[in-house]
Amino acid sequence: MPNHTKKISSAIITIGDEILLGQTINTNLSYLASQLALLGAPVVYNITVRDRTEEIMAALDFCVNRFDVVISTGGLGPTADDITKASIASFFGVGQSHHEDIWQKVQARFAARGIQVPLINRNQALVPDGFTALPNDEGTAPGLFYRHNKGCFFALAGVPVEMRHVFERQITPTLKREYPQLESLIQKTVHSFGISESALAEDLDLADLPAELTFAWLPQTGRVDLRLSGYDLKLLDEWQKRVAAQISDYVWGFDEDSPASVLAALLKERGLTMSAAESCTGGLIMKMLSDEPGASDYLLGGVVSYSNEIKKQVLGVSGETLEKHGAVSEECAFEMLDGIKRLTKSDVAVSVTGIAGPSGGSDFKPVGTVYIGFSYLSASWVRRFLLTGNRQLIRHKAAEMAILHMIKRIKETQ
């Protein structure tokens, strides 16, 4: 049986004035936290500090003495404000030495771009004594690894693509080697829509959920994910099925599924083609669907008809409809749907027209009013939605609603 008596804990130190000033979003934390959890070394502490030696040293002192794995990100560049490496060396009481092999790689990287390397970049070849330099094929700043008497310390560049590369290629295998007892956390997800988090809580019976599993409610933009986590795959599979069976009318996918990937699979499986006519979503539905590999197998095309003139000239929406009912109306959505079907001859189609805001609403049609038209083979219908959020969220919700409701209809006609 697996030994769960010794759990490995991790801490993240994010270094950078730009993060604390709100100029840069800390995506590195979300990535590292998710990956370390999956490895079996969950993050239990995180701190973000300025590019100040005393603050970096204080964060190192707190984390290194309390957690098995500590990872810092940021401040490994060659410029004057990149003081992380010197601070790390000072904290661990070691000097820094020039590594000629790293310097040669830095020069070669600049030469490949036809640029003369600034001498300041020699700083990137300095490595604290006793540390292992971790190759960074995506940039010039190598990562750092140090095995001390209390655990493992890693330092990574702050550039996300470089950080991810070094973590995947260097840190993941190092952690598995240093901590052979690590057990990968397994997560199973049930994706739902059309029901609120509170209503799901009333419908689901989790009284018998085993203590070794954890259950989380993860509200998304207009939908809710239900996530089970643990180390027993058989038990997780069993409970994923039990949860899905209790709310089957609202389930659209599992695990790594996205709305677009599920719809794409259904269309391919049934040999159906699809098109879209969009107004307020500005082509977002087409983007979501065309992002899927092999989209050309089912996606015929679409029209972004933001202006009334394009609605009339390209999609054939009548001037009378626009004058009498307006562009944001059930009637307009129907005629947009007919127009895109006529243009593409697709088996499946959607149309969207609405008010994404922040202006343009009224008492009768407030911001967030969206009409979505659906056509599946010979059947066509329109639904009205009142969506909440800012302009970006309303557009995103509308696009996903169009896709998710089409998934539901196709599944119901098996």
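For the reader, a short list of remarks on this structure follows.
- Comparison of Val303, Val352, Val367 shows that the only residue that is surrounded by 18 or more Cβ atoms within 10 Å (Cβ to Cβ) and in a loop (DSSP other than H, G, I, E, B) is Val367.
- Those residues of region 17-69 which are buried (at least 19 other Cβ atoms within 10 Å of the Cβ), under 20 Å from the mean Cα position of the chain (by Cα) and among the β-branched types (Val, Ile, Thr), in sequence order: Ile19, Val43
- Evaluating Asp61 against the criteria (1) within 30 Å of Glu183 (Cα to Cα); (2) part of a helix (DSSP H, G or I); (3) in contact (Cβ under 8 Å) with a residue 40 or more places away in the chain leaves one unmet condition, (3).
- Of the residues in region 265-280, at least one is charged (D, E, K, R), part of a strand (DSSP E or B) and either under 25 Å from Val370 (Cβ atoms) or out of contact with any helix residue (DSSP H, G or I) (no Cβ under 8 Å at 6 or more places or on another chain) (or both).
- For region 193-243, the set of residues classified as in a strand (DSSP E or B) and exposed (fewer than 12 other Cβ atoms within 10 Å of the Cβ) consists of Ala216, Pro219, listed by residue number.
- Criterion (within 30 Å of Ser229 (Cα to Cα) and exposed (fewer than 15 other Cβ atoms within 10 Å of the Cβ)) met by exactly one of Pro135, Pro118, Pro173: Pro173
- A search for C-beta distances below 9 Å between a residue of region 269-297 that is at positive phi and any residue that is in a loop (DSSP other than H, G, I, E, B), counting only pairs 6+ apart in sequence or on different chains, returns Gly271/Tyr298; Gly271/Asp347; Gly282/Tyr306; Gly282/Ala356.
- Residues within region 93-130 that are assigned to a helix (DSSP H, G or I) and among the small types (Gly, Ala, Ser), tallied: 4
- Residue check, Asp255 farther than 30 Å from Gly373 by Cβ, surrounded by fewer than 19 Cβ atoms within 10 Å (Cβ to Cβ) and either among the aromatic types (Phe, Trp, Tyr) or out of contact with any Asp or Glu (no Cβ under 8 Å at 6 or more places or on another chain) (or both): yes
- Which numbered condition Thr79 misses (of (1) in contact (Cβ under 8 Å) with a residue 40 or more places away in the chain; (2) surrounded by 15 or more Cβ atoms within 10 Å (Cβ to Cβ)): (2)
- Number of positions in region 306-339 that are touching a Leu at 6+ places or on another chain (Cβ under 9 Å), outside any helix (DSSP H, G or I) and either modelled with pLDDT under 95 or not β-branched (Val, Ile, Thr) (or both): 3
The values are calculated or read from the model by the stated rules, or taken from the named source; none is laboratory data. These numbers come from a predicted model, not from an experiment. Every residue, glycine as well, gets a Cβ built from its backbone with ideal geometry; the counts of neighbours run over all protein chains shown.
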